[in-house]
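J.: Just dropping this structure here.
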Amino acid sequence: MKVFYSETHRKHEPPFEVFDGGLRVPYLENPERMDKILDALNTVDWADIQQPTDFGLDPLLAVHDKEYLDFLASAWTEWLATKPKDSSTLLPATFALRRQPHKPKSLLGRAGYYMMDLSACIVEGTYQAALSSANCALSAAESVVGGQRSAFGLCRPPGHHAGKDYAGGYCFINNAAVAANWLSAKERVAVLDVDYHCGNGTQDIFYDRDDVLTISIHADPDYEYPSYIGYADERGKGRGFGYHHNFPLPAGTDDDAYVAALDQALQKIREFKPVYLVVSAGMDIYADDPLGTIKVTTAGIGKIARQIASLDLSTVIIMEGGYNNDALGRNILAFLGELK
Ligand code: SP5
Ligand code: ZN
């Protein structure tokens with residue numbers, strides 16, 4: 001199985017994120033995550049790790065707002081120019097409540113407009129890392145179009161919380177959406193998001209489209225991040241109605257209950273009859289994840305992948321979350337091992 005990976009992600013290493021209550025904690029979405037996954041992939045003989053190709057900005061502009069990408073590109077330089085007391089990361093303290101129409105000129109005003117929370121911290125290398133992450137996803141998509149049964153975009157930073165014009169939840173460019181949209185110019189595509197958190201950005205990007213089916217299985221936003229999106233009654237709008245599905249799950253969901261929800265999701269995918277499947281693979285459904293409340297085991301992760309493989313589709317797997325670094329390697333092997 002081809003695995004697309006770039007060292008450029010290391011340039012994105014925010015010093016902290018802010019948890020509820022204003023608590024500064026070490027950035028959970030850290031470069032060590034990739035080291036753990038690479039270590040695991042290097043123990044098997046089927047992982048062919050390659051550098052991504054540079055696809056340029058066009059496939060990104062096809063799903064993201066240009067002014068938003070411009071903001072990501074210049075934010076760091078603009079931040080330093082404001083001579084902040086603590087310049088270690090750009091993080092606004094004001095957010096655009098229910099998206100008011102006015103986009104302010106000031107950097108911090110725009111940051112609050114384009115950011116969803118206190119975990120999408122921007123540092124000097126963030127934009128470059130996000131671009132190379134998207135190129136990993138596109139390279140994986142290209143390899144599947146070229147006839148590979150499956151390919152893995154070992155993307156960092158992750159992408160599924162990034163919407164058309166906003167960053168959030170460690171995500172800046174929506175890698176899975178970029179890949180799915182690029183594939184949709186060729187054949188029908190479904191996106192299945194199994195990260196612990198709702199794939200709100202992917203939902204946002206494809207919400208009014210009927211040519212890309214999007215499904216997210218996740219912790220119920222009624223108790224979990226991202227709180228405001230990901231409910232079962234959100235099913236798409238306009239011609240996209242019926243082409244988005246959310247499967248919110250209660251805390252404590254175990255392997256069997258997870259697979260039961262997954263089977264319903266897979267049935268929707270079968271009915272849609274796609275040629276390509278993009279999987280947003282977050283390992284934070286794992287029982288011992290520091291952010292999670294869902295109790296899926298490593299064996300359960302293998303079972304999930306086996307069920308997905310039973311669709312028998314050309315599959316692009318995109319790395320999303322997963323923050324138990326010590327378990328990440330074996331969980332990724334359990335997942336990819338069934339889809340290789
Ligand atoms: C890609 C991805 O998995 N992003 C997840 C971003 C979640 N950020 C919100 C963190 C909420 C912090 N709550 C603290 C609970 C610790 N037990
Ligand atoms: Zn997640």
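J.: For Arg270, project a label point 7 Å along Cα to C-beta. Then give me every residue of region 311-340 with its amide nitrogen under 13 Å of that point.
T.: Counting backbone N atoms under 13 Å from the label point, the list is 311-313.
J.: Next up: In percent, what relative contact order does region 59-124 have, based on Cα pairs under 8 Å that are 6 or more apart in sequence?
T.: After rounding, I find 36 percent.
J.: In region 170-197, whose amide N lies under 15 Å from the spot 7 Å out along Cα-to-Cβ of Val25? List them in ranges.
T.: From region 170-197, the list is 170, 197.
J.: Output the peptides 273-282, 77-86, 259-268, 33-42 sorted from most to least packed, where packing is the average of other Cβ atoms within 10 Å over each peptide's residues.
T.: Packing proxy ranking, top to bottom: 273-282, 33-42, 259-268, 77-86.
J.: With the dipole of region 39-181 worked out from charges on the C-beta (+1 for Lys and Arg, -1 for Asp and Glu) around the Cα centre, which of Val145, Ala75, Asn42 lies farthest toward the positive end?
T.: The one lying farthest along the dipole's positive direction is Ala75.
J.: Moving on to the next point. Got the relative contact order for region 191-300 handy, in percent, Cα pairs under 8 Å and 6 or more residues apart?
T.: About 30 percent, as a whole number.
J.: Where the only charges are on Cβ atoms (+1 Lys, Arg; -1 Asp, Glu), what is the dipole of region 206-254 about its Cα centre, to the nearest 20 debye?
T.: Computed charge dipole of region 206-254: roughly 240 debye.
J.: Helix 175-184 versus the longest principal axis of the chain: what is the Cα-based angle in degrees, 0 to 90, to the nearest 10?
T.: In the chain, helix 175-184 runs at an angle near 60 degrees to the longest axis.
J.: Continuing with this model, one more query. So between Asp208 and Tyr223, what do we pick up on full extension, going 0.36 nm a residue minus the alpha carbon distance?
T.: Additional length available on full extension: 2.8 nm.
J.: Below 8 Å between Cα atoms, with a sequence gap of 6+, how large is the relative contact order for region 34-160 in percent?
T.: 25
J.: Moving on to the next point. Lysines near Lys66 by alpha-carbon distance under 19 Å, same-chain residues fewer than 8 away left out - which ones?
T.: Straight-line reach from Lys66, under 19 Å: Lys103, Lys105, Lys164.
J.: Now for a different question. Calculate how many DSSP beta bridges within the chain are antiparallel, expressed in % of all such bridges and rounded to the nearest 5.
T.: 15
J.: Sticking with this one: If you take the square roots of the eigenvalues of the alpha-carbon gyration tensor of region 209-263 and sort them as a ≥ b ≥ c, do you get rounded (a/c under 1.5), prolate (a/b over b/c) or oblate?
T.: oblate
J.: About the Cα centre of the chain, what is the dipole size in debye to 20, counting +1 per Lys and Arg Cβ and -1 per Asp and Glu Cβ, all else neutral?
T.: 720
J.: Sticking with this one: Give me the angle, in degrees from 0 to 90, between the Cα long axis of helix 66-81 and the longest principal axis of the Cα atoms of the chain, rounded to the nearest 10.
T.: Tilt of helix 66-81: around 50 degrees.
J.: Also, I was wondering about something else. Just order 249-255, 290-296 by mean Cβ neighbour count inside 10 Å, highest at the front, would you?
T.: 290-296, 249-255
J.: Here's a follow-up. What is the Cα centroid distance between region 50-106 and region 227-298, reported in whole angstrom?
T.: 29
J.: Of Phe206, Tyr170, Ala180, which is farthest on the positive side of the dipole of region 161-220, counting Cα position, with +1 on Lys and Arg Cβ, -1 on Asp and Glu Cβ, and the Cα centre as origin?
T.: Going by the Cα projections, it comes out as Ala180.
J.: Would you list which lysines come within 21 Å of Lys303, measuring only between C-alpha atoms, while excluding same-chain residues fewer than 8 positions from it?
T.: In chain and number order, the partners are Lys268, Lys295, Lys340.
J.: Beta carbons within 10 angstrom, averaged per residue: use that to sort the peptides 6-19, 321-334, highest first.
T.: My ranking of the peptides, most packed first, is 321-334, 6-19.
J.: Could you tell me whether region 154-285 comes out rounded, prolate or oblate from its Cα gyration tensor? Rule is a ≥ b ≥ c as square roots of the eigenvalues, rounded for a/c under 1.5, then prolate if a/b exceeds b/c, otherwise oblate.
T.: The shape class here is rounded.
J.: Kindly state, as a whole number, the per residue volume in cubic angstrom of the convex hull around the alpha carbon atoms of the chain.
T.: Given the Cα convex hull of the chain, per-residue volume reads 120 Å³.
J.: With the Cα gyration tensor of region 144-212 giving a ≥ b ≥ c as the square roots of its eigenvalues, does the rule (a/c under 1.5 for rounded; else a/b larger than b/c for prolate; else oblate) give rounded, prolate or oblate?
T.: oblate
J.: Give, as a single signed number, the net charge of other residues whose beta carbon lies under 12 Å from the beta carbon of Val259, with Lys and Arg counted +1 and Asp and Glu -1.
T.: Surrounding charge for Val259 is -2.
Bear in mind that the values in this text are calculations on the coordinates, not laboratory data. As the structure is a prediction and not an experimental result, all values here were calculated from the model. Virtual Cβ from ideal backbone geometry, glycine too; neighbours counted across all protein chains shown.
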